[in-house]
Amino acid sequence: PRRPIPSGRINVRTAVLVAFSLLMMSLLSAAALDVVRGLQEHSTTVVMPWSFILAVCTAALIVFYNGTAKHLGGIGLLTLGMIYAVHCLIGRPTTPLLFLSMFLLCHIFLVSLVSYRLANKRPRLAWRDIIISFGFFALFIALAAWIMQFRGTFNQPFIQMLIGPSCALLLYIAWAINVLRDRKLTPRKKGDRLMLMGIF
């Protein structure tokens, strides 16, 4: 009831108009990135519009998550991780590095899993859901690792780029331990806090 649409602060028509406008702006921005990339490469061949394609994929994953996946337990958590993993590639889709994408997929999936269990959300996660989710999760990570191996980017200089995200993750884990130890918070509030800060 405190959210903008249920409370009546924003009517549904305005919300749809704003959401649609932001979607169109994001797709146009992604298309503009492809044009700039094509100009920078001075290529006579047609440049694949990867930024635009990834932006469309991100939008499709968001719609799938909000419309269906968030009601499917483990599949929803995996979809949430995929949204962030695909979204981070829009700015530089031809990067030989997929570390950040893999890192985000792992982080969001695991944080979502812990938060979902703590908040006791519905539908409840059965062991079958968790096993299936981890199976798809391992498949995506293996695919990304294979692509990097194929491109020859599994080497020391590139691996050093994980130092920054790893330090941020350690800070998050230290903060999360304090939240989990706080006896004043209910499990649901703990889960919500872990999720919000985890996404941030």
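The values are calculated or read from the model by the stated rules, or taken from the named source; none is laboratory data. A quick note: this is a predicted structure, and the numbers were derived from the prediction, not measured. Reconstructed Cβ throughout: ideal geometry from the backbone, glycine too, with neighbour counts over all protein chains shown. With ligands, DNA and RNA removed, areas are computed over all heavy atoms of the protein, side chains included. Shrake-Rupley method; radii C 1.70, N 1.55, O 1.52, S 1.80 Å.
Some values worked out for this structure:
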| item | result |
| --- | --- |
| Residues of the range 120-145 satisfying the condition of being under 11 Å from residue 75 (Cβ atoms) and charged (D, E, K, R) | 129 |
| Complete set of residues in the range 39-56 that are touching a residue at least 40 places away in the same chain (Cβ under 8 Å) and open to solvent by 90 Å² or more (accessible area, probe 1.4 Å) | 50 |
| Residues being more than 25 Å from residue 89 (Cα to Cα), polar (S, T, N, Q) and surrounded by 10 or more Cβ atoms within 10 Å (Cβ to Cβ) - total across the range 1-38 | 2 |
| Residue among 61, 89 that alone is farther than 27 Å from residue 189 by Cβ and under 10 Å from the mean Cα position of the chain (by Cα) | 61 |
| Total residues in the range 23-42, condition of a type outside the set (S, T, N, Q) and over 13 Å from residue 56 (Cα atoms) | 10 |
